[in-house]
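Reading through the structure tokens given below for one structure.
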Amino acid sequence: VLQIVKESQQQHGLRHGDFQRYRGYCSRRLRRLRKTLNFKMGNRHKFTGKKVTEEILSDNRYLLLILMDAERAWSYAMQLKQEANTEPRKRFHLLSRLRKAVKHAEELERLCESNRVDAKTKLEAQAYMAYLTGMLRFEHQEWKAAMEAFNKCKTIYEKLANAFTEEQAVLYNQRVEEISPNIRYCAYNIGDQSAMNELMQMRLRSGGTEGLLAEKLEALITQTRAKQAATMSEVEWRGRTVPVKIDKVRIFLLGLADNEAAIAQAENEETKERLFESLLSECRDAIQAVREELKPDQKQREHSLENDSGKVSNIQYLHSYLTYIKLSTAIKRNESMAQALQKALLQQQRSDEDGKRSPRPQDLIRLYDIILQNLVELTQLPGLEEDKSFQKETGLKTLVYKAYRCFFIAQSYVLVKKWSEALVLYERVLKYAREVQSGAGAHRNSLKELPDVQDLITQVNAEKYSLQAAAILDANDPHENESPSQVKDGKPLSERFETFCLDPSLVSKQVNLVHFPPGFQPIPCKPLFFDLALNHVAFPPLEDKVEQKAKSGLTGYIKGIFGFKS
């Protein structure tokens, strides 16, 4: 049962979460099965209901009929669950479809009790019915009944996994992992407080929950933090205590430490990236809430600035604190991405592999540019302009990231064999690194999270020696100097008969023999004639040859009326 269900789901839409497509597939397959088994529900004019009984179980496709009915009802329920986020009334239809799916699953389990069905199918039918029952109870928020159903399902699948080979057990173990978060969520709602920590660990290991539990777990975390936020009234940052009156900001600040701990415990880069994005999204929402409070308080803040001789108001200082958290998180995320790219660059140097696009030093340069831009924004935060310690610390961080950016710019110049530019940039890296070491002093604790500058100095010294050696070899190799000019020249064979060179393209399919089509050549154009003598010719008078018209006055007009002509 489970194998049929999983294969159908993966091949017909559920790989992308398209429940509507899967429901259409179930309907079409049901129609084909009824037509093949001649088990039609009447005709086009009249409906005649039929039920599958034990007496007609001569073909296993009769069981497949009921299974597809249950899957169709379940997929419709999951489709309605997605739509219920915007249309709450659809939740009633969702529960109706789930009840229908459970009814079909109970019928499947009853039919599988027949002697014609083997033991494995009987167990799988029981587990399938328990799974759908658990989902229905879960939606009704009947936590105890849902937990019992899920535990029954889990027990059956675990026994089946132990009874078969490893290849067959993979499918059962996957279903056990899917329902484990649901069991812990039910346990938490019953009263087991330790289940919350286990849910958080599952969330980290899986890179985020999916499906039925995802929204509920996020809502549960927010609800738990909201209860704790009721006791939080103020926050202290850089020696100044600021009252926190906005609930959304309280919830964010309470969850900040948990989110940072989750990022530190993330097992892979994909999970870490997702957690960073989630934290940044929550921070942006909190900043927006503070910004809305700032708008009506604009006049009061201006009055406060005048009276306190430049000291910003509490709400403005809280806005600066949240902006600092956002920028610092963005810097950590980009630094994490940069470290991952550096590892990929090292692996690429050790083993050159073709296929997907390999990372380049230019990618790292872009990341460090963004980090430096974030550091510039940090120094401009309101309320921190006069904080010399903060400005000094940010300046040292800027030097560290400038050194690393300069190092990867030099690496990109090495790839195109611009030795002198790369050497100058390496010297600039050493200059930045020495400035950091000389100016660290009391700020060494704040620089512990940054990349080690001493390792960078060691690496740059090694790269300088290899760079000088490569430059000498490149200057002493005549073939290396000649061949690029010949390749870049691109002259056809007809224009370089006097010069000998080994050209592999002459034995290939695309031989460059002559320029084709040939280029344009200048030719003489048709001459233009200008008649300049015409301006100096005096024409003879022609007045005597032109007939003079008779003068016509009143007399001629009268004669014309009466028909007299001269």
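The values are calculated or read from the model by the stated rules, or taken from the named source; none is laboratory data. Computed from a predicted model, the values in this text were never measured in an experiment. Please note: Cβ atoms are built from the backbone with ideal geometry, for glycine as well, and neighbour counts cover all protein chains shown. These accessible areas exclude ligands, DNA and RNA; they are computed on the full protein's heavy atoms, side chains included. Shrake-Rupley method; radii C 1.70, N 1.55, O 1.52, S 1.80 Å.
A few remarks follow.
- Ranked packing of 338-346, 270-278, 88-96, most packed first, by mean Cβ within 10 Å: 270-278, 338-346, 88-96
- Stretching Gln10 away from Arg274 to a fully extended chain increases their span by 92.6 nm, per 0.36 nm per residue minus the current alpha-carbon distance.
- Taking Cβ atoms as reference points and 9 Å as the exclusive limit, the residues near Gly134 contribute a net charge of +1, counting Lys and Arg as +1 and Asp and Glu as -1.
- Solvent exposure of segment 387-473 amounts to 55 Å² per residue of accessible area, where only protein heavy atoms count and the probe is 1.4 Å.
- Lys/Arg +1, Asp/Glu -1 at C-beta; segment 387-473 dipole; positive extreme among Gln391, Leu467, Tyr401: Gln391
- For segment 428-436, backbone phi angles converted through the Karplus equation (6.51, -1.76, 1.60; θ = phi - 60°) give residue-by-residue couplings of 5, 4, 5, 5, 4, 5, 5, 4, 5 Hz, Gly and Pro being listed as x.
- Per-pair calculated FRET efficiency, R0 = 41 Å: Asp285 and Gln437 via Cβ, rounded to 0.05: 0.55
- Accessible area (Å², 1.4 Å probe, nearest 10) - Asp452: 80
- Here's how it looks for Val235: its modeled amide H is under 5 Å from those of Val242, Val244, which are all 5 or more places away or on a different chain.
- Dipole moment magnitude, nearest 20 debye, segment 387-473 about Cα centre, only Lys, Arg, Asp, Glu C-beta charged: 160
- Accessible area of segment 1-125 belonging to carbon and sulfur atoms, whole % at 1.4 Å probe: 46
- Rounded if a/c under 1.5, otherwise prolate or oblate - segment 90-145, Cα gyration tensor axes: prolate
- Summing Cβ point charges (Lys, Arg +1; Asp, Glu -1) relative to the Cα centre of segment 376-420 gives a dipole of roughly 500 debye.
- The mean accessible area for residues of segment 494-550, using a 1.4 Å probe and ignoring ligands and nucleic acids, is 116 Å² per residue.
- Stretchable slack from Glu83 to Ile523, in nm (0.36 nm times residue separation minus alpha-carbon distance): 150.9 nm
- Between Asn115 and Gln373, the modelled label-to-label distance comes to 7.7 nm, taking each label 7 Å out from Cα in the direction of the beta carbon.
- Mean Cβ neighbour count within 10 Å, used as a protection proxy, ranking 386-398, 102-114 highest first: 102-114, 386-398
- For the listed residue pairs Lys402/Lys431; Lys35/Lys120; Lys81/Lys122; Lys100/Lys152; Lys245/Lys295, the alpha carbons are over 22 angstrom apart in Lys35/Lys120; Lys81/Lys122.
- With every protein chain in place, segment 387-473: carbon and sulfur % of accessible area (1.4 Å): 54
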